[in-house]
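The values are calculated or read from the model by the stated rules, or taken from the named source; none is laboratory data. All of these numbers come straight from a predicted model, not from anything done at the bench. In this analysis, Cβ positions are derived from the backbone assuming ideal geometry, glycine residues included, and neighbour counts consider all displayed protein chains. To get the accessible areas, we keep the full protein, side chains included, count just its heavy atoms, and leave off ligands, DNA and RNA. Shrake-Rupley method; radii C 1.70, N 1.55, O 1.52, S 1.80 Å.
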Amino acid sequence: MIETHSLPNGCRMVVIPRSGTGTVATKVFVAAGSRHDGERHGLSHCLEHLVFKGTARRTSRQVYAEIEAVGGRIDAQTTKEYTAFSVVTGAEHYMRGLEVLSDLVRHPLLRPVDLEAELSILLHEMVRRADMRQIIWDLYDLTLWEVHPLRHRVLGYEECVRALTPGDAQRHYCEHYVPSATVIVMSGDLDAEEVFACWGDLWADSGGAAPARAAGPEESGLASHRAAHLSKDTRQTYIVLGWLTVGMRHVDSYVLKIIERLLGVGGNSRLYQRLREEQGLVYGVHAVRAEHVDAGHLSIYTTADPARAQDAVDGILWEVGRLQTEPVRASELEAAKTNYEGSLPVSFETNLRIAGIVGLETLLMGDFEPFEEAVRRVRAVTADDVRRVANEYLDPSRYAMASVGPRAPGARTTDALTELE
């Protein structure tokens with residue numbers, strides 16, 4: 001049961017009662033992600049940090065203390081599409097989570113001294129991301145996209161972050177942190193009527209014009225193979241290769257859900273069986289499908305011994321090509337559909353995950369697609385659909401590839417993208 005209400009100022013509230021769970025997750029989504037940063041890369045992420053430095057009513061310490069005093073957790077994240085603030089508490093304390101998050105998002109101080117103090121932490125996150133070898137996804141985005149703002153990483157780049165000013169943060173906040181660009185989701189053991197009444201008191205008097213949301217520039221597509229390598233002293237070569245696909249709820253997105261599972265979700269997938277079990281080429285391999293409002297991609301992530309990295313890439317491309325020419329067996333297609341259907345309750349295992357998925361779709365698409373509808377669309381996918389979509393989007397001769405390690409796969413790479421070094 002999902003109940004949704006809107007205030008006259010455009011703020012939306014979604015409540016998902018789940019009695020007996022013992023907890024409540026509250027999540028506030030704001031449509032302010034890295035794609036909205038313009039040339040001030042890293043600004044949305046920087047603003048997320050500044051919001052936690054205190055409000056007109058609470059110091060930063062008091063924000064944490066109020067939630068942690070009742071055993072709760074408070075957190076935040078910035079993505080390419082949005083910034084989200086979350087609290088999880090025991091069911092008896094759920095109103096505290098709503099009140100604290102509302103205060104954070106509505107009344108941050110955004111003082112110049114806080115930006116100065118936070119700079120070193122923001123720069124340290126960039127170093128940590130490189131150390132954790134997650135940098136390969138940043139390199140991949142810069143290789144896959146040429147003009148779309150999705151190409152830029154959420155953390156930004158050192159030169160851009162150092163140049164951010166308090167005025168930048170204030171303007172970004174005033175433009176994007178407005179009710180019409182905000183969705184609040186609460187999931188768990190709660191009283192829906194009480195929640196809606198309190199939410200109205202907390203948010204009804206806020207205002208602000210909705211920011212303009214122009215679609216991203218049209219990507220021309222991959223005219224040929226495009227690759228980049230970042231040299232690192234690692235024992236493995238990390239590889240991501242992929243293709244531009246479609247955005248959320250595009251008719252072909254449901255076919256891509258099936259292709260993702262056929263290729264690289266779980267130990268029974270084609271790539272895992274061929275590259276890992278039969279040939280021993282890779283340590284692991286996973287298909288990853290990403291969908292944004294107006295664009296998306298399907299990618300394959302793997303790690304391999306540097307001397308065998310090109311063999312792994314060739315194996316991936318061979319399996320992708322097979323989707324274009326060979327009909328998927330009925331039993332394999334059915335297994336992929338069953339996997340998708342069975343993954344839904346797992347994805348919604350906790351109140352926080354439920355709030356996250358429902359809030360994301362509501363923020364970006366205006367509503368939440370019921371499980372039954374998503375399953376119906378996936379169940380309708382045919383073997384012909386799989387072959388058609390594979391041929392339309394997944395050309396084995398035209399793909400983007402990023403690699404990190406001591407050796408690039410083959411000799412078909414460009415120079416490393418120095419802004420990530």
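Which one of these is within 25 Å of PHE29 (Cβ to Cβ), open to solvent by less than 20 Å² (accessible area, probe 1.4 Å) and of a type in the set (Val, Ile, Thr): VAL178, VAL255, VAL240? Walk me through how you get there before you give the answer.
Working: VAL255 fails: within 25 Å of PHE29 (Cβ to Cβ); VAL240 fails: within 25 Å of PHE29 (Cβ to Cβ).
Answer to the check: VAL178.
Determine if the range 158-181 includes at least one residue that is closer than 30 Å to GLU92 by Cβ, touching a residue at least 40 places away in the same chain (Cβ under 8 Å) and not small (Gly, Ala, Ser).
Kept after step one, since they are closer than 30 Å to GLU92 by Cβ, are these residues of the range 158-181: 177, 179.
Remaining after also requiring touching a residue at least 40 places away in the same chain (Cβ under 8 Å): 177, 179.
After this cut, where a residue has to be not small (Gly, Ala, Ser) as well, the list is 177, 179.
Yes.
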Condition check for ALA290: open to solvent by 30 Å² or more (accessible area, probe 1.4 Å), more than 17 Å from ASP395 (Cα to Cα) and either part of a loop (DSSP other than H, G, I, E, B) or not hydroxyl-bearing (Ser, Thr, Tyr) (or both): no
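Just to check your reading of the model, which residue among GLY342, GLY321 is touching a Pro at 6+ places or on another chain (Cβ under 7 Å) and part of a helix (DSSP H, G or I)? First the steps, then the outcome.
Working: GLY342 fails: touching a Pro at 6+ places or on another chain (Cβ under 7 Å).
Answer to the check: GLY321.
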Options THR78, THR59; residue that is of a type in the set (S, T, N, Q), open to solvent by 10 Å² or more (accessible area, probe 1.4 Å) and free of Cβ contacts under 8 Å to residues at least 60 places away in the same chain: THR59
Over the range 34-72, the set of residues hydrophobic (A, V, I, L, M, F, W, C) and part of a helix (DSSP H, G or I) is LEU43, CYS46, LEU47, LEU50, VAL51, VAL63, ALA65, ILE67
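What is the residue count in the range 354-378 for residues that are free of Cβ contacts under 8 Å to residues at least 60 places away in the same chain and either out of contact with any Phe, Trp or Tyr (no Cβ under 9 Å at 6 or more places or on another chain) or at positive phi (or both)? Lay out the reasoning, then the answer.
Let us first name the residues in the range 354-378 that are free of Cβ contacts under 8 Å to residues at least 60 places away in the same chain, namely 357, 366, 370-373, 375-376.
Going one step further and asking which of them are either out of contact with any Phe, Trp or Tyr (no Cβ under 9 Å at 6 or more places or on another chain) or at positive phi (or both), we end up with 366, 370, 372-373, 376.
So the count comes out to 5.
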Could you grab me the full set of residues in the range 130-164 that are closer than 17 Å to SER403 by Cβ and either of a type in the set (Phe, Trp, Tyr) or open to solvent by 30 Å² or more (accessible area, probe 1.4 Å) (or both)? MET132, ARG133, GLN134, TRP137, TYR140
Exactly one condition in (1) assigned to a helix (DSSP H, G or I); (2) in contact with a Phe, Trp or Tyr (Cβ under 9 Å, 6 or more places away or on another chain) is not met by LEU202; state its number. (2)
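State whether the residues of the range 182-196 include one that is in a helix (DSSP H, G or I) and open to solvent by 40 Å² or more (accessible area, probe 1.4 Å). Give the derivation first.
Of all residues in the range 182-196, those in a helix (DSSP H, G or I) come to 192-196.
Filter once more, so that each one left must be open to solvent by 40 Å² or more (accessible area, probe 1.4 Å): 193-194.
Within the range 182-196, one or more residues are in a helix (DSSP H, G or I) and open to solvent by 40 Å² or more (accessible area, probe 1.4 Å).
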Given (1) in contact with a helix residue (DSSP H, G or I) (Cβ under 6 Å, 6 or more places away or on another chain); (2) surrounded by fewer than 17 Cβ atoms within 10 Å (Cβ to Cβ), PHE85 misses just (2)
